[in-house]
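Participant: Before I ask anything, let me first share the structure, which is written out below as structure tokens.
The values are calculated or read from the model by the stated rules, or taken from the named source; none is laboratory data. Remember, predicted model here, so these are calculated numbers, not experimental data. Here the Cβ positions follow ideal geometry from the backbone for every residue, glycine too, while neighbour counts run over all protein chains shown. Just the protein is used for accessible areas: all its heavy atoms, side chains included, with ligands, DNA and RNA removed. Shrake-Rupley method; radii C 1.70, N 1.55, O 1.52, S 1.80 Å.
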Amino acid sequence: MRFFDTDRWNEIWQTISRNRKRSIMTALGVFWGIFMLIVLLGAGMGLGRLFRAQLGGMSTNTVLLQSSRTSVPYKGMPTGRWWRMDNDDLEAVSKLEEVEYTSGVIWGNELHCSYKERKGDYQMMGYTPDYQKINPQKIIAGRYINEVDMVQKRKVCVIGTQVQKDLFPGEPDPTGKVIKVGGSYFTIIGVMRRESSAMSFSDVERTIVVPISLAQQMFGYGRTIHLLALAGYKSVPSKQVEKAAREAVFARHMISPDDEKAAWTMSAGEMFDKVMSLFWGIGLLTWIVGLGTLLAGIVGVSNIMLVLVKERTQEIGIRRALGAPPTAIISQILSESFILTFIAGVIGLTAAVGVLSVVDSVYYQAVTVAQEGFEVSWQISFGTGMLALFILVAGSLLAGVIPAYRALSIKAVDAIREE
């Protein structure tokens, strides 16, 4: 039996359309199965992309360290002691062989800022230049703070895009302009746009960044730093980076290396691994649920093919009596199963891709209108779509195996006598 035999395909179509309502309900099960599988996969992949977009270019081997109250007495020092990190801790950690970049963090206050008649309240943060390498933001104009700004305590700042829009509407590059922040005047050296929000301690768009040395002087912190941020080399495990940093800092402040409560620490690597494990689990659950729904549709196809074989018992018997080979019977049954499943599956796949495209468009418009957020795609990859289609085709062929075997077991004499 040739593949492009028109009589063959006409017969297949007549067989399926003979029981139109039953065929439509069976096809609907296949349609819904692959539709749900693709939509769920798209949602899971979109959430994963959104999380990775929030990380931006942030080092996944980043460790944050903040001082707290001691809980273990050590070398004559009492328990419950408060301590603070300072610039010397920053220098000590920067010399560790496990650490690539280090930065101190100073939380400033929300200050009133103005330029001519335009005004606004924004958060001030003090960083060292290396913070841009640890948790980089997009510099769309000018530059970031550098070591010369640090040493000379220059009154310079990098502003977020919302600050730019509020104080300099319509100006693409306000660098060189002088704004009033609190009671002091600062020269703008750069404009930054949020690229990573996973470890940002303020709204990047509404933040004014100054050299940490200047922030310490402005707010009367002396040499104190509020938080230590560091990025280890990619080849070094984050746990090892965290341990080395804690030991170096604790040794300077006479704190027991076994005191777990003396400092709050957070490892971006561990957080990243946990979240990605969660998304891996969501993806696995999505495949299980989607394939289960798809399997239910394929079982429905197998059932309707069994019914069709039983209804065509006499026809199959006559064919066998006229000398039709087993391959012709098997080919006919499998073809009918394949066509029913394939058409419903392709329509379901197309519909699911269309829904994800609409979601993509709506999400993009929402991000554009809000002028914030991350542009990510909620669409599945081409390979994932082909894999789902392959599973569908394989399932359609399997769905016809039992009906085909049932057709072959029919004896010509018994089939002709069937009423």
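Participant: Once phi is turned into ³J(HN,Hα) by the Karplus curve 6.51 cos²θ - 1.76 cosθ + 1.60 with θ = phi - 60°, what whole-Hz value does each residue of segment 84-94 show in order, with x for glycine and proline?
Facilitator: Karplus-based 3J(HN,Hα) across segment 84-94 equals 10, 7, 9, 4, 5, 5, 4, 5, 5, 5, 5 Hz.
Participant: Another question about this same structure. Give the average over all directions of the projected area of the C-alpha convex hull of segment 156-256, one decimal, in nm².
Facilitator: Mean orientational projected area (segment 156-256, Cα hull): 8.8 nm².
Participant: As a quick test, which of the pairs 95/180; 133/177; 234/261 have an alpha carbon distance above 32 angstrom in this structure?
Facilitator: Check vs 32 Å cut-off fails for 95/180.
Participant: What fraction, in whole percent, of alpha-carbon pairs in segment 86-130 exceed 16 Å separation?
Facilitator: 55 percent
Participant: Moving on. Accessible area per residue for segment 48-117 in Å², computed with a 1.4 Å probe and the full protein assembly in place, what is it? Each step should come with its number before you reach the end.
Facilitator: On the way: 3570 Å² over 70 residues.
Heavy-atom accessible area per residue stands at 51 Å².
Participant: Sticking with this one: Measuring from label point to label point, each 7 Å out along Cα→Cβ, what is the residue 118 to residue 296 span in nm?
Facilitator: 5.7 nm
Participant: Give me the mean projected area, in nm² to one decimal, of the convex hull enclosing the Cα positions of segment 21-92.
Facilitator: Working: hull surface 40.6 nm².
Approximately 10.2 nm², given one-decimal rounding.
Participant: What does the charge count around residue 223 come to, taking other residues whose C-beta lies under 14 Å from its C-beta (Lys +1, Arg +1, Asp -1, Glu -1)?
Facilitator: -1
Participant: Here is a follow-up. Given a 1.4 angstrom probe, I'd like the percentage of the accessible area of segment 18-136 that is carbon and sulfur, rounded to a whole number.
Facilitator: 54 percent
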